[in-house]
Amino acid sequence: MHLLLLSLGVGAVPEFIAAHTDRPADEVRIGYLNDAARPYTSEEFVAAERAQLAELGYLLTDFTAADFDDAETFGAALDDFDVLYVAGGNTFVLLASLRRRGADAVLIEKVRAGLPYIGSSAGSIVTGPSLEPVSIMDDPSEAPELTDRNGLGLVDTVVIPHADGALPPYPPELISLIKQTYDSEYPLTFLDDDQALLIDDASPRLIASP
């Protein structure tokens, strides 16, 4: 599997994509999965996240798992992309959208078969074993249909993004509360906004991603 799990900065993206595609940047087709951002479409951070990725010169196609009628057509859409990018927002909304018609199972299958996966914030969190530790960071009530908080299980750690406490919605006190509440129960990886977790053929490792 090839996963790059970001907190905020995209500095590590070009090297990751170059390592796993054989196309120049302006021909790399990225599927931009935006379900997590659906509750916040008018918020500046939604446009800003997409813009910083677009500025790298890739071909971005926005798509939404919740819009697909079945898992088969979702899987066919994934086959059109060289890389999958799962955007930030509410992790519970993201997981609920993926589960609604079985898109979660298809996504897991494609990533395990080699589809490069880039997650940012919620897109990073959802890859882990559980969303429970971020229930005080994201609002679970935004996805009332979600019956459990098990993540996709692509990685064996729960990524906690924005761990430097630099963004106003995620102050240092909140990050400390997550650590105090869940550190003994779940494996946690705290990512500052200029870091990423790289999961590749080698052991998972923290890298810079300004």
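The values are calculated or read from the model by the stated rules, or taken from the named source; none is laboratory data. Here the structure is a predicted model, which is why all the values come from computation and not from measurement. Methodologically, a virtual Cβ is constructed for each residue, glycine included, from the backbone with ideal geometry; neighbour enumeration extends over all protein chains shown.
Observations, loosely collected:
- Scanning the range 179-195 for residues that are surrounded by 14 or more Cβ atoms within 10 Å (Cβ to Cβ), out of contact with any His (no Cβ under 9 Å at 6 or more places or on another chain) and more than 16 Å from V126 (Cα to Cα) returns K179, T181, Y182, D194, Q195.
To keep it simple, each residue is scored yes or no on (1) aromatic (F, W, Y); (2) under 18 Å from the mean Cα position of the chain (by Cα).
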site: G9; (1), (2): no, yes
site: I17; (1), (2): no, yes
site: V28; (1), (2): no, no
site: Y32; (1), (2): yes, yes
site: A36; (1), (2): no, yes
site: P39; (1), (2): no, yes
site: S42; (1), (2): no, no
site: E49; (1), (2): no, yes
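- T64 surrounded by fewer than 17 Cβ atoms within 10 Å (Cβ to Cβ), among the hydroxyl-bearing types (S, T, Y) and modelled with pLDDT of 95 or more: yes
- For G89, the conditions (1) on the phi < 0 side of the Ramachandran plot; (2) within 13 Å of the chain's Cα centre (by Cα) are fulfilled apart from (1).
- Scanning the range 112-150 for residues being farther than 22 Å from V46 by Cβ and either crowded, with 22+ Cβ neighbours inside 10 Å or among the polar types (S, T, N, Q) (or both) gives a total of 6.
- Condition broken by A51, with the remaining ones in (1) assigned to a helix (DSSP H, G or I); (2) of a type outside the set (D, E); (3) more than 15 Å from L8 (Cα to Cα) satisfied: (3)
- Restricting the search to helices (runs of 4 or more DSSP H) fully inside the range 91-210 and requiring at least 3 residues that are touching a helix residue (DSSP H, G or I) at 6+ places or on another chain (Cβ under 6 Å) gives 91-100, 103-112.
- M1 satisfies every condition listed in (1) in contact with a Gly (Cβ under 9 Å, 6 or more places away or on another chain); (2) among the aliphatic types (A, V, I, L, M); (3) closer than 29 Å to Y170 by Cα except (3).
- Scan of the range 59-72 for residues that are under 12 Å from Y85 (Cβ atoms) and under 18 Å from the mean Cα position of the chain (by Cα), ordered by number: L60, T61, D62, F63
- When the range 1-48 is filtered for residues that are hydrophobic (A, V, I, L, M, F, W, C), under 20 Å from H162 (Cβ atoms) and in a loop (DSSP other than H, G, I, E, B), the ones remaining, listed by number, are L8, V10, A12.
- A single entry from Y85, Y58, Y117, Y40 fulfils the requirement of being in contact (Cβ under 8 Å) with a residue 60 or more places away in the chain and farther than 25 Å from D183 by Cβ: Y117.
- Just so you know, in the range 15-57 the residues that are of a type in the set (S, T, N, Q) and more than 21 Å from D80 (Cβ to Cβ) include one that is modelled with the highest pLDDT, and it is Q52.
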